[in-house]
Amino acid sequence: MEGLQKAFKQETSLIGRDVIQQLIMNANIAHAEQVPICQDTGFAVVFVELGQDVQIVGGDFYEAINEGVKKGYTEGYLRSSIVNHPILRKNTGDNTPAVIHTKIVSGDQLRLIVAPKGGGSENMSAVKMLKPSDGVEGIKKFVVEVVRAAGPNPCPPVIVGVGIGGTFEKAAQLSKEALLRNLGEKSKYHDIARLEEELFKEINKLGIGPQGLGGITTALAVHVEIFATHIASLPVAVNINCHAARHKEAVL
């Protein structure tokens, strides 16, 4: 909400300002009436940080997470958006199974981060295996082009998550983890924080604007996460999130 309110003050397009105002009104109604901010209540993506001193007892851990997703979506009257087979496409009816990413960490706590991810923004994401010689300019060119090609489809203003390094699949996971960061929170690496700012400016020069109707607010933020990589590789992934950047965590 703070990001949308800031964007409303800065937006120069009258249509863009009107769209942002409607998004703010929609969010206020959703909050007041406790209903979804968007009809697409997303694929349930769950990030797990499991303390190495924790022992899960009384059943299968992943089954428990999926049971929670099932209860949340059915009892909360949220839309069921998941099909059981990518080709046969029969709806599972309860939004399961979740996509679960598990990380073993030190300590005796269990941290769960649930991030429902809408299909429209997810469809606009991309991964590219750049050459190391492409460098920072190659990264910037690819990220901006992904957002340009996405246009109005991911319901801008968007949050852009970028993953750099690792392997093909690691870069993609990094780009999604980047979306969990507080809006506008900068990278702890000075060079990456500078890259985030440069990408943010370039993306907002595209003129796509709120809901693709023009303006200077195409992105609310750009977050970049990095990881070590092979001497021959420079994987880059872009995961776009619409303005409804929903995530909630619990520590047990």
> For the chain, modelled as a Gaussian network with Cα springs under 10 Å, which listed residue fluctuates most, ILE82, ILE164, ILE231?
Replying inline: ILE231
> Gaussian network model of the chain, Cα springs within a sub-10 Å range: biggest mean-square fluctuation belongs to which of ILE208, ILE159, ILE29?
Replying inline: ILE29
> If you put +1 on each Lys and Arg Cβ and -1 on each Asp and Glu Cβ, how big is the dipole of region 120-249 around its Cα centre, in Debye rounded to 20?
Replying inline: 100 debye
>> Only Cα pairs within less than 10 Å get springs; with that Gaussian network setup on the chain, which residue of THR96, THR41, THR229 has the largest fluctuation?
In response: THR229
>> Suppose we keep just the alpha-carbon trace of region 92-182; what are its Rg and Dmax in angstrom?
In response: 15.5, 47
>> As a footprinting exposure proxy, order TYR73, TYR62 by other Cβ within 10 Å, with the fewest listed first.
In response: TYR62, TYR73
> With point charges of +1 on the Cβ of Lys and Arg and -1 on the Cβ of Asp and Glu, referenced to the Cα centre of the chain, which listed residue (GLY76, PHE168, ILE56) lies farthest in the positive direction of the dipole?
Replying inline: PHE168
> Going by Cβ distance under 4.7 Å, what cysteines of the chain have no possible disulfide partner?
Replying inline: CYS38
> Shape of the chain from its Cα gyration tensor (a ≥ b ≥ c, root eigenvalues): rounded if a/c is under 1.5, otherwise prolate when a/b > b/c, or oblate?
Replying inline: oblate
> Using a simple charge model, +1 on the beta-carbon of Lys and Arg, -1 on the beta-carbon of Asp and Glu, nothing else, what dipole does the chain show about its Cα centre, in debye to the nearest 20?
Replying inline: 540 debye
> What is the fewest-to-most order of GLU137, GLU225 by other Cβ atoms lying within 10 Å of their Cβ?
Replying inline: GLU137, GLU225
>> Which of the three applies to region 43-117, rounded, prolate or oblate, going by the alpha-carbon gyration tensor with a ≥ b ≥ c and a/c under 1.5 meaning rounded?
In response: prolate
> Around ILE20, with a cut-off of 15 angstrom between Cβ atoms, what is the net charge of the other residues, counting Lys and Arg +1 and Asp and Glu -1?
Replying inline: 0
> In Å, the Kirkwood hydrodynamic radius of region 120-252 over pairs of distinct alpha carbons?
Replying inline: 14.6 Å
>> Shape verdict for region 149-208, please, from the Cα gyration tensor: rounded (a/c under 1.5), prolate (a/b greater than b/c) or oblate.
In response: oblate
>> Run through region 87-147 and list the trypsin sites (Lys or Arg not before Pro) located in a DSSP loop whose Cβ has at most 13 other Cβ atoms within 10 Å.
In response: ARG89, LYS90
> Using the 10 angstrom Cβ neighbour count as an exposure proxy, how do HIS223, HIS247, HIS31 rank, fewest first?
Replying inline: HIS31, HIS247, HIS223
> What is the count of Lys pairs in region 120-249 whose alpha carbons sit under 14 Å apart, if the two are 8 or more places apart or on different chains?
Replying inline: 9
>> Rounded to the nearest 20 debye, what is the charge dipole size of region 43-117 about its Cα centre when +1 sits on each Lys and Arg Cβ and -1 on each Asp and Glu Cβ?
In response: 480 debye
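Only the coordinates and a few stated rules stand behind these numbers; no lab work does. Because the structure is predicted, anything quoted here is derived from the model rather than measured. Note: ideal-geometry Cβ built from the backbone for every residue, glycine included; neighbour counts use all protein chains shown.
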